[in-house]
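Here's the structure we're looking at; comments come further down.
The values are calculated or read from the model by the stated rules, or taken from the named source; none is laboratory data. Note that this is a predicted model, so its numbers are computed, not measured. Here the Cβ positions follow ideal geometry from the backbone for every residue, glycine too, while neighbour counts run over all protein chains shown. Ligands, DNA and RNA are stripped out before the accessible areas are found, and what is left, the full protein with its side chains, is counted by its heavy atoms. Shrake-Rupley method; radii C 1.70, N 1.55, O 1.52, S 1.80 Å.
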Amino acid sequence: MSKLDYCFSNDYMVLRPDRAGPFELLHLLFSPKVGRNRAVDCFTSTEVGSFRRRLAIFLNLLLQLFLLSLAGPVAALAAALEFVLNFVSNVLHGRMEYPDRKSASYRSITWFIDQRVDLDRNIKPTDSQYHAALCVMASKVAYENEAFIRDVVTRHWQMEFVQFYNCWNEFENEYTAQAFVFCDKPVDAELVVVAFRGTPPLDVARWCADLDPSWYKIPRLGRAHAAYTHALGAQRNIGWPKWVEYIKGKPQKVYAYYTIRDAVKQLMEANGKARLLVTGHGSGGALAVLFATVLAYHREKTVLDRLAGVYTFGQPQVGDAMLAMFAERNLDRPRKRHFRITYGDDPLPRLPHESSAAHFLHFGLGLHFDSFYNLKVVKAMPGEGRSASPAAFATSRINSAWELVRSVYLGYWKSAYYREGWLLLAVRALAVALPGLQFHRVQDYVNAITLAGAHIPTEA
């Protein structure tokens, strides 16, 4: 990438761990002139006088360099673990076949941790929490391959699968965003759902995107998280044009925002009563809320008027106060339609860490569940800014121990729908054994939503 790639922005700061050597790292500590540092793309005149902010950039680059050094080995380990789990599962179920990563019988590590794919039959389409329950399960299923998702949507949910999208990132020159679209009925659909995939458990390269505090300031919109902007389909040099012009004779790339927006518009035209839900877990939630925000940025009124809700689960921060005001003005008026749901000590909603609170913050209606699955409406994340004190450490250990105990009896106390398998119990035991280890747990979001009853707010 060159600085010309960012010319659509009137201000930006993009960290470049690929160019961070010893000189660049030391320069951050001793010089405020970050605009002259190869490891930071920004205007040449940019200076950061605060040593605390420069130290935060320095530490973030170090962490990204460390994680990127592990990306290859961890990816190989994840692929091997996933393959072994699928092979053993095939043998135990009497299928002596070689696991095919593209087949409907191939499962991700996320599925082996929590094997639920069916919707809770106790929650009816007329219930207030139905949209949230449908969205959280769609967010969970989004971690699987296309064939698996198609099978779940059509066979388990008895709904209409539309398409799976593997989307191109213009800035990283690879496919970094995945999503699928489905309708509740094949004809005269009442719901169209877009579900974005979050960061897989052992995808270290994508962890870096979640940690990265890089941003762009876009006219009329505000500062937006750079990595999620890239993944959603922003264009080099021009950012967010309303339409992407394809070059004749060259293969057309699938850009998440543009391709999915056009598909949604076609579905809305074909189904006059249909309303739109957009959802995602983790970084998928970040893409979901940015997708809806860019719809507003492009003044896609016909789609926004039929937006029933944006439900995000464990979503990281995606923008500054200006972007927050823009999103709330367009998504939450005249009624609340952005529901930002968090659970316990999930660390991802607290990312990216940025010493200047003016850069990243949360917006939308915050719904927080504690480890007892009790719901509370919040403005900020509980425990945000909490120091690593002995009391915080003890609280974290107690919560982890409680979650392990709860896992053992919840399936018997409530129903078999909440019974947890051996791998999930092992993960919870690991969280107790290793100090400070927290998990970004999609299964707890499923539990929280389905157990919340009528307490989940709905668009009204």
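Which ranges mark the strands (runs of 3 or more DSSP E) fully within segment 294-381 that have 1 or more residues being surrounded by fewer than 21 Cβ atoms within 10 Å (Cβ to Cβ), among the charged types (D, E, K, R) and over 21 Å from the mean Cα position of the chain (by Cα)? Explain how you work it out, then say what you get.
On the way: elements: 307-313, 338-343, 365-369, 375-378.
Output list reads 375-378.
The rows are residues; the columns are (1) part of a loop (DSSP other than H, G, I, E, B); (2) at positive phi; (3) open to solvent by 80 Å² or more (accessible area, probe 1.4 Å).
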residue: Thr44; (1), (2), (3): yes, no, yes
residue: Arg53; (1), (2), (3): no, no, no
residue: Leu59; (1), (2), (3): no, no, yes
residue: Gln64; (1), (2), (3): no, no, no
residue: Gly72; (1), (2), (3): no, no, no
residue: Phe83; (1), (2), (3): no, no, no
residue: Gly94; (1), (2), (3): yes, yes, no
First in segment 26-37 and free of Cβ contacts under 8 Å to residues at least 24 places away in the same chain, second anywhere and open to solvent by 40 Å² or more (accessible area, probe 1.4 Å) and assigned to a loop (DSSP other than H, G, I, E, B), Cβ under 6 Å, 6 or more apart: Pro32/Glu47; Pro32/Gly49; Lys33/Glu47; Gly35/Phe43; Gly35/Thr44; Gly35/Ser45
Enumeration of residues in segment 301-314 that are of a type in the set (S, T, N, Q) and either touching a Phe, Trp or Tyr at 6+ places or on another chain (Cβ under 8 Å) or modelled with pLDDT of 95 or more (or both): Thr312
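Can you tell me how many residues in segment 27-40 are outside any helix (DSSP H, G or I) and of a type outside the set (S, T, N, Q)?
First pass over segment 27-40, keeping only residues outside any helix (DSSP H, G or I): 31-33, 37-40.
Now narrow it down to the ones that are of a type outside the set (S, T, N, Q): 32-33, 38-40.
Qualifying residue count for the region: 5.
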Those residues of segment 150-163 which are open to solvent by 50 Å² or more (accessible area, probe 1.4 Å) and either in a helix (DSSP H, G or I) or closer than 13 Å to Thr110 by Cα (or both), in sequence order: Arg150, Thr154, Arg155, His156
Criterion violated by Ala147 - all others in (1) small (Gly, Ala, Ser); (2) surrounded by 20 or more Cβ atoms within 10 Å (Cβ to Cβ); (3) not in a loop (DSSP other than H, G, I, E, B) satisfied: (2)
Top-ranked residue of segment 126-144 - restricted to ones that are hydroxyl-bearing (Ser, Thr, Tyr) and not in a loop (DSSP other than H, G, I, E, B), ranked as most open to solvent (accessible area, probe 1.4 Å): Tyr130
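When you scan segment 190-291 for strands (runs of 3 or more DSSP E) that lie fully inside it, which ones turn up with 1 or more residues that are under 23 Å from Ala133 (Cα atoms), within 18 Å of the chain's Cα centre (by Cα) and touching a residue at least 24 places away in the same chain (Cβ under 8 Å)? Working first, answer last.
Values: elements: 191-196, 215-218, 222-225, 275-281.
By residue number, 191-196, 275-281.
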Subset of segment 99-115 [closer than 14 Å to Val88 by Cβ, touching a helix residue (DSSP H, G or I) at 6+ places or on another chain (Cβ under 7 Å) and either touching a residue at least 24 places away in the same chain (Cβ under 8 Å) or small (Gly, Ala, Ser) (or both)]: Tyr106, Arg107, Ile109, Phe112
Lone qualifier among Asp100, Asp41 - being farther than 30 Å from Ile149 by Cα and of a type outside the set (Phe, Trp, Tyr): Asp41
Single residue of segment 98-125 satisfying the filter (surrounded by 14 or more Cβ atoms within 10 Å (Cβ to Cβ) and among the aromatic types (Phe, Trp, Tyr)) that is farthest from His281 (Cα to Cα): Tyr106
Candidate set: segment 164-180, residues that are assigned to a loop (DSSP other than H, G, I, E, B) and touching a residue at least 12 places away in the same chain (Cβ under 8 Å); chosen: the one least open to solvent (accessible area, probe 1.4 Å): Phe171
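Among the residues of segment 1-26, write down those that are part of a helix (DSSP H, G or I) and either open to solvent by less than 40 Å² (accessible area, probe 1.4 Å) or modelled with pLDDT under 90 (or both).
Taking segment 1-26 as the starting set, the residues that turn out to be part of a helix (DSSP H, G or I) are 3-6, 17-19, 22-26.
Scanning segment 1-26 gives Lys3, Leu4, Asp5, Tyr6, Pro17, Glu24, Leu25.
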Of the criteria (1) touching a Lys or Arg at 6+ places or on another chain (Cβ under 7 Å); (2) more than 23 Å from Ile218 (Cα to Cα); (3) surrounded by 14 or more Cβ atoms within 10 Å (Cβ to Cβ), which one Ala39 fails: (2)
Matching option when the condition is farther than 28 Å from Leu307 by Cα, assigned to a helix (DSSP H, G or I) and modelled with pLDDT of 80 or more, among Tyr417, Tyr445: Tyr417
Residue, most open to solvent (accessible area, probe 1.4 Å), within segment 181-211, restricted to residues that are in contact with a strand residue (DSSP E or B) (Cβ under 6 Å, 6 or more places away or on another chain) and within 28 Å of Gly72 (Cβ to Cβ): Arg197
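For segment 117-156, which positions are basic (Lys, Arg) and at pLDDT below 95?
Selection gives Arg121, Lys124.
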